[in-house]
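Just so it is clear, none of the values below were taken in a lab; they were calculated from the coordinates. Computed from a predicted model, the values in this text were never measured in an experiment. Note that each Cβ is placed from the backbone with ideal geometry, even for glycine, and that neighbours are counted across all protein chains shown.
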């Protein structure tokens, strides 16, 4: 039976709000700290989410990346790194709250490097600009939005780091096509209108993700949350 549109929006927002609270608690508890490995941080986050919300299901692998690993897009599985005093660290988590998916990503700078702090500000600002562009462009395609995200990276002096700039989100598990890494993603080869209905004629909801990198200096930043709500 179809889920009413308002109920779907309320559930997705509730899931995102819980993810945001989880991220805030991660910082309060000092889980992201120099001298810790990415895998240790990942384990602590899993335990915290279970303690706060009884979350044990994630619709995608939990990403904790530090240092030069922040250059790597989602599909890569780089070696486990130790977090250093002046590192950039980003998190990309997809917890499932009461059968509704969240997808939330943030970047943290541990030291005083002004360029790394600029990157942190720039990915957040680019998300806001990308959302504004989406809101103001009714017929926007997935390809259009990806190219816009690329242009924002260039404007700010960075390179866009990922092969996509977002994807669908919804009731777990959300709409998927086996083996298809284009059609339901904000991908440069996807010409489809993002506001087109799903296979059941219902409104789709999307995540926007921003991944900027500086390959010469070997660090990157990431920012991600709901685009359509």
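Observations on the structure shown:
- For the range 54-83, the set of residues classified as in contact (Cβ under 8 Å) with a residue 40 or more places away in the chain and in contact with a helix residue (DSSP H, G or I) (Cβ under 6 Å, 6 or more places away or on another chain) consists of 55, 80, 81, listed by residue number.
- Filtering 16, 20 for residues that are in a helix (DSSP H, G or I) and in contact with a strand residue (DSSP E or B) (Cβ under 6 Å, 6 or more places away or on another chain) leaves a single hit, 16.
- Test result for residue 161, surrounded by fewer than 15 Cβ atoms within 10 Å (Cβ to Cβ) and either more than 17 Å from residue 229 (Cα to Cα) or over 14 Å from the mean Cα position of the chain (by Cα) (or both): no
- Qualifying positions in the range 141-163 - closer than 29 Å to residue 6 by Cβ, touching a strand residue (DSSP E or B) at 6+ places or on another chain (Cβ under 9 Å) and free of Cβ contacts under 8 Å to residues at least 60 places away in the same chain: 141, 142
- Selection from the range 44-61 of residues that are closer than 27 Å to residue 111 by Cα and more than 19 Å from the chain's Cα centre (by Cα): 44, 47, 48
- Matching entry among 189, 180 (being under 26 Å from residue 9 (Cα atoms) and surrounded by fewer than 20 Cβ atoms within 10 Å (Cβ to Cβ)): 180
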